[in-house]
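The values are calculated or read from the model by the stated rules, or taken from the named source; none is laboratory data. Computed from a predicted structure; not experimentally measured. When we count neighbours, we look across all protein chains shown, and the Cβ atoms used for this are built from the backbone with ideal geometry, even at glycine.
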Amino acid sequence: MTQLLIAVAIVAAVGILIYNTLVGRRNQCDNIFASIDALLKKRYNLIPNLVSLVKESMAYEKGLLEKVTELRAKAMRPDLSPEQKIAIADELAQPLHGLMVAVENYPELKASEQISQLMRSLNEIEEQIAAARRAYNQAVTDYNNARQMFPSSLIAGWFSFESKPLFEIPEEVRENIDVQELLKR
Amino acid sequence: MSLSRSALLDYYYDELYPELVELEAERRRILKWAVVVALVVALPALWLAWKTLGNGIEIPFWIAVTAAGIVGFAVNWLMISYRRRFKSRIFSKIVTKIDPSLLYLPAGTIDRSLFVASALFGDRIDRFSGRDLIRGRIGKTPIAFSSVKAEREHRDARGREHRSVIFAGTFIVTEFHKSFSRTTLVVPDLAEKYLGVLGGWLQTLSGKKVVRLDHPGFEREFVVYADDPVEAHYILTPIIMEKILAIKERSGSNIYLSFRFDKLFIAIENGGDRFEPGLFRSLLRFDTFRGYIENLNIILSIVEELNLNRRIWSKE
């Protein structure tokens, strides 16, 4: 009887340990996703500054400016799902990089200390976003592995730990724009 | 490195030659004296050892150890002025020639507090010594490095005191080009390298936060401990991980990196005597010169390799 009790206690302890590990990994994914969200917000906060600083000089890039402003407004809506947030962020990356590249065609913009500082900040945030996405993907891989491997797959099944999707990292996000190189040209 | 290797070679053999010849003569003199001392000590030691051989191996063994100790001490004493002259007249000139902004202090060392601040080898260090401090600026990046030896004392079950070396090698303090606020440590991954998956599991038991990165080659060689996984990924981009692997490959030693207090600390476990002149190695030989330049180059090129002068982020 005692032996049976000990065996049950061991199985229960192992079960609790596995359950806690799964919860820990799932929370890790959510935490990292929250930091992606925070970084995206930081990026969105810089956009109005950039647009207001360059719009006078960049009359020819009106389409690009409008696209960036429109996507930013879309991204600021409060009712977005995580997937939608990422999809809009990806959509915005291209015109935003286009805008950053376009700045180099305007000597008066290139010379502005304020714009150069803004570009550095944007560049930093772009790289932080890329890093956070890599960290998120790694956390999701660890979580999904734990979900699928035996014996944790049993616990994951009983307590319905849902699988999480990986984020694809678009090429523009992976390759950081070297603003200084651009401004040198 | 701002000067090409051939320009340095010309400098070494043209401008430093008279000094090198003088030092070479001194080295030969010391070598002769070393042989004399060795003979004077070895002959009576051999005789004594022969006499005591009948009583077991222990006494002859201790005689041999004592004789070797006496010879070692004498050679070291004979080498003091030679080493000093080599460092002040040859090595310091090579360093200044490579980059005039670099300052070489033969007796200087990286501060113990900086070594501790790296958090790479714990904070209990009982003995700390160093030499050959070089500091200056490469482009926008300040750099300082020296040979360092850190030891820890402990007692065994019988109460005898022992000393173990926790690090002996080159310790570098420089600045990273991105801002960060937490701690990220990159250390050789001995557990996973030798124990595989089991090693990876053991790491998680150490209590520190292990961060896995998306570079299998890097993961095989290193383990990363970090307070913030996003910051660790921000610092360790795929390209930086490649470069760290390349630095490890070039140095041929274990390397440790710490990103802490807005600084980058790098420890190369190479024994720490890379800039010492040897008694059995002529300074006129090409490979001797190449050894010094190669060792300096590995350290100074880290700034370039890790792109530390690239300031496109908010850090000026």
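Quick notes on this one:
- Per-region count, region B:155-180, residues of a type outside the set (Ser, Thr, Tyr) and within 14 Å of chain A (Cβ to nearest Cβ): 4
- Of the listed requirements (1) at pLDDT 90 or above; (2) surrounded by 18 or more Cβ atoms within 10 Å (Cβ to Cβ), A:LEU50 misses just one: (1).
- Residue in region A:111-129 that is farthest from B:ARG310 (Cα to Cα), counting only those that are of a type in the set (Ser, Thr, Tyr) and more than 7 Å from chain B (Cβ to nearest Cβ): A:SER112
- Residue among A:SER152, A:SER112, A:SER160 that is without any contact (Cβ under 8 Å) to a residue 40 or more places away in the chain and more than 25 Å from the chain's Cα centre (by Cα): A:SER160
- Test set (1) at pLDDT 90 or above; (2) surrounded by 20 or more Cβ atoms within 10 Å (Cβ to Cβ); (3) within 14 Å of chain B (Cβ to nearest Cβ) - A:LEU71 fails condition number: (3)
- Some residue of region A:9-19 being surrounded by 15 or more Cβ atoms within 10 Å (Cβ to Cβ), in a helix (DSSP H, G or I) and more than 14 Å from chain B (Cβ to nearest Cβ): yes
- Pair list, Cβ < 6 Å and 6+ apart or interchain, from region A:1-29 residues that are closer than 14 Å to A:LEU154 by Cα to residues that are hydrophobic (A, V, I, L, M, F, W, C) and not in a helix (DSSP H, G or I): A:LEU22/A:PHE161
- Hey, B:LEU120 in a loop (DSSP other than H, G, I, E, B) and of a type in the set (A, V, I, L, M, F, W, C) or not: yes
- The residues in region B:88-134 that are touching a Gly at 6+ places or on another chain (Cβ under 7 Å), of a type in the set (Ser, Thr, Tyr) and closer than 17 Å to B:GLU276 by Cα can be counted, and the count is 1.
- Boolean, A:ALA132 is under 22 Å from the mean Cα position of the chain (by Cα), away from every other protein chain (no Cβ under 14 Å) and either modelled with pLDDT of 85 or more or under 25 Å from B:HIS233 (Cα atoms) (or both): no
- If you go through region B:59-103 and pick out every residue that is more than 30 Å from B:PRO44 (Cβ to Cβ) and either hydroxyl-bearing (Ser, Thr, Tyr) or part of a helix (DSSP H, G or I) (or both), you end up with 16.
- When A:GLU83, A:GLU56, A:GLU91 are checked against the criterion of being more than 19 Å from the chain's Cα centre (by Cα) and of a type in the set (Asp, Glu), A:GLU56 stands alone in meeting it.
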